[in-house]
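A.B. asks: Encoded as structure tokens, here's the structure I'll be asking about.
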Amino acid sequence: MTYTDIFARLWKDYTTQNPDTKKVYDLFIAEGETIINDHIAFRTFNHSSINVDALAKVFLKNGYEFKGDYRFEQKKLLAKHFEHNTDPHAPRVFISELLVEEFSELLRNIVAEWISKIPKYLLSSDELIFAGNISCIPSFEVYEKLRQESEYAGWLYVNGFCANHFTVSVNGLKKYDSVQKVNAFLKSNGFLMNDAGGEIQGTPEELLEQSSIKAGIIKVQFKEGRFDIPGCYYEFAKRYPDTDGKLYSGFIAKSADKIFESTNFYQK
């Protein structure tokens with residue numbers, strides 16, 4: 001399994017499980033645009049068997065290397081990003097983890113039980129990043145309790161291991177060559193933008209601008225029945241050159257902090 005195989009499989013799962021993401025992709029293709037993937041992101045808990053470093057192994061085996069780390073104080077997260085060491089066109093990989101010990105005993109116990117039910121063979125397998133929620137049929141009551149402390153924890157409890165989002169490189173677009181144009185185009189086609197802290201995160205001076213649609217609502221089978229909750233989302237990023245003329249390749253924690261809220265619970 002090469003890194004191109006990995007991304008192709010993740011993309012298939014992502015668009016199949018989250019139809020709104022494919023609709024966005026198709027809209028841009030219909031406009032004659034070529035989609036370049038800026039980065040792909042994953043979420044996990046900071047347990048040694050499934051933390052950032054555990055999920056990164058499959059990418060490190062396939063030519064990726066560590067490039068930067070980030071701390072999100074308010075959301076109690078750590079993250080790292082990775083880039084391919086020979087292919088400059090390969091998507092960046094961004095993996096975050098929830099600092100479980102900084103939450104209540106209730107949340108810690110729920111997470112510990114969730115992790116304990118992951119089949120042991122998956123923990124050392126390249127298949128983990130594709131596994132989804134392989135722990136249990138989730139409880140909507142538990143999901144609601146987790147959300148009260150951390151929307152991130154609630155989302156991960158239900159969705160498990162998958163691509164949380166793909167990201168369109170605005171630098172690769174022609175007609176929609178600014179984040180402002182992208183947002184206007186998406187809103188004109190009925191998509192809701194994540195407006196936490198504003199529809200655009202970052203500035204040209206910070207060398208990175210980002211926006212995202214709100215995660216599409218998907219039907220999930222819970223123990224108590226089927227409920228509508230947010231799934232995965234699509235992000236858009238425009239990078240700017242530094243003083244040496246090289247495009248900025250990292251991430252900005254204060255911007256990403258708001259992008260995380262694209263999966264916060266909402267009702268249409």
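A.B. asks: Going toward the positive end of the dipole of the chain, with +1 on Lys and Arg Cβ and -1 on Asp and Glu Cβ, which of 132, 106, 240 do you reach last?
C.D. replies: Final value for the positive-end residue is 132.
A.B. asks: In whole Å, largest first, what are the principal axis extents of the Cα atoms in the stretch 146-198?
C.D. replies: On the principal axes, the stretch 146-198 reaches 41, 21, 19 Å in Cα extent.
A.B. asks: Which log10 I(q)/I(0) values does the stretch 22-131 give at q = 0.13, 0.16, 0.22 Å⁻¹ under the Debye formula, counting every alpha carbon as one identical point scatterer?
C.D. replies: The computed values of log10 I(q)/I(0) come out as -0.61, -0.85, -1.18.
A.B. asks: For a quick check: with amide H placed at 1.01 Å from N, whose amide H comes under 5 Å from residue 92's, ignoring anything fewer than 5 positions away on the same chain?
C.D. replies: For residue 92, the qualifying residues are 39, 40.
A.B. asks: Can you compute log10 of I(q)/I(0) for the stretch 118-184 with the Debye formula, treating each Cα as one identical point scatterer, at q = 0.20, 0.26 Å⁻¹?
C.D. replies: -0.82, -1.05
A.B. asks: Please give the FRET efficiency for residue 31 paired with residue 9, using the beta carbon to beta carbon distance and R0 = 25 Å, rounded to the nearest 0.05.
C.D. replies: 0.40
A.B. asks: State the percentage of accessible surface on the stretch 47-104 attributable to carbon and sulfur atoms; use a 1.4 Å probe and exclude ligands, DNA and RNA.
C.D. replies: Ligands and nucleic acids excluded, carbon and sulfur reach 49 percent.
A.B. asks: Rg/Rh for the chain to two decimals, with Rh computed the Kirkwood way over all alpha-carbon pairs.
C.D. replies: 0.94
A.B. asks: Compute the distribution of all C-alpha to C-alpha distances in the stretch 175-265, in bins of 10 Å from 0, and list the percent of pairs in each, rounded to whole numbers.
C.D. replies: Percent of Cα pairs in each bin: 16, 41, 27, 12, 4, 1.
A.B. asks: Please find, in a Gaussian network model of the chain (springs between Cα atoms separated by less than 10 Å), the residue of 209, 235, 113 whose mean-square fluctuation is greatest.
C.D. replies: 113
A.B. asks: With a 1.4 Å probe and every protein chain left in place, work out the accessible area per residue of the stretch 5-60 in Å², rounded to a whole number.
C.D. replies: 42 Å²
A.B. asks: State in Å² the accessible area per residue of the stretch 85-177; use a 1.4 Å probe, count heavy atoms of protein chains only, and round to the nearest integer.
C.D. replies: For the stretch 85-177, the per-residue accessible area is 42 Å².
A.B. asks: I've got another one for you. At a 10 angstrom cut-off on C-beta neighbours, averaged per residue, how do the peptides 170-178, 219-227 rank from highest to lowest?
C.D. replies: Most protected by this proxy first, the peptides run 170-178, 219-227.
A.B. asks: Follow-up. Treat each spin label as a single point 7 Å out from the Cα along the C-beta direction, and report the residue 181 to residue 85 distance in nm.
C.D. replies: Output for this residue pair reads 3.8 nm.
The values are calculated or read from the model by the stated rules, or taken from the named source; none is laboratory data. These numbers were taken from a predicted model, which means no experiment stands behind them. With ideal geometry, Cβ positions are generated from the backbone for all residues, glycine too; neighbour counts draw on all protein chains shown. The protein model used for the area step is the full one, side chains on, heavy atoms only, and it has no ligands, DNA or RNA in it. Shrake-Rupley method; radii C 1.70, N 1.55, O 1.52, S 1.80 Å.
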